[in-house]
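Written below as structure tokens is the structure these notes are about.
Rule-based calculations on the coordinates, nothing more; no lab input. All of these numbers come straight from a predicted model, not from anything done at the bench. Neighbour counts run over all protein chains shown; Cβ positions are idealised from the backbone, glycine included.
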Amino acid sequence: MGGDRVSLDVTRGGLLVGLAIVGVIVYELRTVLDALGLSLPIVPYLAAVFVLAGAAVWAVILTGGWRTDPEPDETG
């Protein structure tokens, strides 16, 4: 148990869909704040999306990389 390495099983498509969902949620929060009278500029939002994407890719690479091959069938 002590020396086991944690592996994150992530596909590129799954990561992109997750980032898109988070990006849309944050953008909608920005829209709601704008409707309430608190206008926020778009540039920091865009920078945050790129930083989040880079951090997510970095985390996947550090924790084992992309899943490229299907799992072997263990029933046979």
Revision key, fill the gap. Once phi for every residue in region 32-45 is put through the Karplus expression 6.51 cos²θ - 1.76 cosθ + 1.60 (θ = phi - 60°), the whole-Hz ³J(HN,Hα) values, with Gly and Pro written as x, are 5, 4, 5, 5, 7, x, 9, 7, 10, x, 7, 4, x, 4
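Which shape class, rounded, prolate or oblate, goes with region 12-62 when its Cα gyration tensor gives a ≥ b ≥ c as root eigenvalues, a/c under 1.5 marks rounded, and past that a/b bigger than b/c marks prolate?
It comes out prolate by the Cα gyration axes.
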Review point. Nearest 0.05, what FRET efficiency do Ala47 and Val17 give at R0 = 30 Å with Cβ-Cβ as r?
Key: 0.90
